[in-house]
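Scroll down for the structure; my scribbles are underneath it.
The values are calculated or read from the model by the stated rules, or taken from the named source; none is laboratory data. Because the structure is predicted, anything quoted here is derived from the model rather than measured. No Cβ is skipped: glycine too gets one built from the backbone with ideal geometry, and neighbour counts run over all protein chains shown.
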Amino acid sequence: MERRAIVGALLLVGLGVALGATVFRTDIARAAGLAKAQPVEEQNLDGNGNIRVHEQGTASVQGTVSAVPAAPGQPWSQYSGVVVGLGSNLLLAGPRATIVLTSLAASVTPGDLAYISLIVQYVPDSATDCSAASGGSIVYALNNVSGPVAASWPTPLVMTAPAGQKACLFGAAGGTGGSSGGIADVNATGFYG
């Protein structure tokens, strides 16, 4: 048995030597540093010895080039509390042609549950406040909020009013599970577009 192991090992070493000397000789020579690099000389040179290229001269760039996005021109932030289940809405932003929401934080009185929603409604383009806002829809909602919750969006929520109107963003807190009378605190942040 010992003799078979020795013969097997010798065959394996012999096979390695044969492959190294034939099939893998270039790779082994490069790894050992025995193969010399072949010098190459570029043939497509100009009169100064530089490599010729098709594009020459100075590149022309037109317009404004900016690598850093500009900060929003008109940021807004609103913090307010609303009574859960009363059916009242609190104004968060507006009236503006475009309202952009980037983050929202909300919390509810301990022991209460609330359905917190963000509602966009519209006023005529000539309006200076949101007291006559109507129509619109829920743009974001959180159901069964019982403690602090936060949401932020890598791509902000953008609410654009139809032509001839301005948008108003409201927050509301409806009671769920029989909860009412507690306070829902809402903090919204964004910018006007």
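Pairing each residue of the stretch 127-153 that is within 23 Å of Ala105 (Cβ to Cβ) with any residue that is in a strand (DSSP E or B) and of a type in the set (D, E, K, R), provided the two are 6+ apart or on different chains, yields no C-beta distance under 8 Å. Checking each residue in the stretch 119-143 for being surrounded by 11 or more Cβ atoms within 10 Å (Cβ to Cβ) and assigned to a loop (DSSP other than H, G, I, E, B) picks out Asp125, Ala127, Asp129, Cys130, Ala132, Ala133. For Val145, indicate whether it is closer than 30 Å to Gly175 by Cβ and either among the polar types (S, T, N, Q) or within 27 Å of the chain's Cα centre (by Cα) (or both). For Val145, the condition - closer than 30 Å to Gly175 by Cβ and either among the polar types (S, T, N, Q) or within 27 Å of the chain's Cα centre (by Cα) (or both) - is met.
Cβ-Cβ distances below 9 Å connect no pair with a first residue in the stretch 89-106 that is surrounded by fewer than 18 Cβ atoms within 10 Å (Cβ to Cβ), a second residue that is outside any strand (DSSP E or B) and among the aromatic types (Phe, Trp, Tyr), and a separation of six or more residues or different chains.
When each of Ile116, Ile183 is tested for being in contact (Cβ under 8 Å) with a residue 40 or more places away in the chain, buried (at least 18 other Cβ atoms within 10 Å of the Cβ), more than 24 Å from Pro72 (Cβ to Cβ) and not charged (D, E, K, R), the lone residue that passes is Ile116. Considering only the stretch 149-171, I want to know if a residue exists there that is assigned to a strand (DSSP E or B), surrounded by fewer than 11 Cβ atoms within 10 Å (Cβ to Cβ), hydrophobic (A, V, I, L, M, F, W, C) and in the same structural domain as Leu90 (by TED's automatic domain parsing). Looking for residues that are assigned to a strand (DSSP E or B), surrounded by fewer than 11 Cβ atoms within 10 Å (Cβ to Cβ), hydrophobic (A, V, I, L, M, F, W, C) and in the same structural domain as Leu90 (by TED's automatic domain parsing), one finds at least one in the stretch 149-171, hence yes.
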